[in-house]
Amino acid sequence: MANPWRGDVALVIDGETHVMRLTLGALAELEAAMQTDSLLAMVERFESSSFTSQDVLALLRAGLRGGKCDVPDDALLHAEIDGGPIGAARAAAELLARAFTAPQA
């Protein structure tokens, strides 16, 4: 079960629910994958809607690793994600937001 107070976001991949989380290590991996020079630049890319599908995949990969989910990168490329590309982008944006803000009570 996803715990928003820990920054968790649930993602349904091929009918199975996975809990993603951006740990510090996952954020470092994400910075490298997105080739950004800071956390702020990474967040701004999503806030300004100038992110790419590769950015979404990088965020999902990092979140899955941070949540200790065993979904191989290759499988993620061909997976059916609930909500399709828009659902994936929403989950990625929510994951990034939860890493830096506390959920509403």
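The values are calculated or read from the model by the stated rules, or taken from the named source; none is laboratory data. Predicted, not measured: the structure shown is a model, and the values here were computed from it. Positions of Cβ are generated from backbone atoms using ideal geometry, with glycine treated the same way; all protein chains shown enter the neighbour counts. These area figures cover heavy atoms from the full protein model, side chains too; ligands, DNA and RNA do not enter into them. Shrake-Rupley method; radii C 1.70, N 1.55, O 1.52, S 1.80 Å.
Given their separation in residues at 0.36 nm each and the Cα-Cα distance between them, residue 101 and residue 12 gain 29.8 nm when the chain is fully extended.
Using the 1.4 Å probe convention, the accessible area of the stretch 7-88 works out to 55 Å² per residue with neighbouring protein chains retained. Here the chain is assigned +1 on the Cβ of each Lys and Arg and -1 on the Cβ of each Asp and Glu. Its dipole about the Cα centre then comes out at about 340 debye.
Please give the FRET efficiency for residue 40 paired with residue 68, using the beta carbon to beta carbon distance and R0 = 30 Å, rounded to the nearest 0.05. Computed FRET efficiency for residue 40 and residue 68 comes out at 0.65.
Given a cut-off of under 8 Å on Cα pairs at least six residues apart, what relative contact order in percent is computed for the chain? Once divided by the residue count of the chain, the mean separation gives 39 percent.
Ranked from highest to lowest mean number of other Cβ atoms within 10 Å per residue, what is the order of the peptides 80-87, 14-21? Could the numbers behind the result be given before it?
Numbers: 80-87: 11.8, 14-21: 16.4.
The peptides rank, most packed first, as 14-21, 80-87.
Can you compute the helix-only [θ] at 222 nm over the chain? Use -39500 (n - 2.57) per DSSP H run of at least 4 residues, normalise by all residues, nearest 500 deg cm²/dmol. Mind showing how you got there, number by number?
Values: 5 runs with 56 residues, N = 105.
Result for the chain: -16000 deg cm²/dmol, rounded to the nearest 500.
In the chain, what percent of the accessible surface is made up of carbon and sulfur (1.4 Å probe, ligands and nucleic acids excluded)? In the chain, the share of accessible area belonging to carbon and sulfur is 53 percent.
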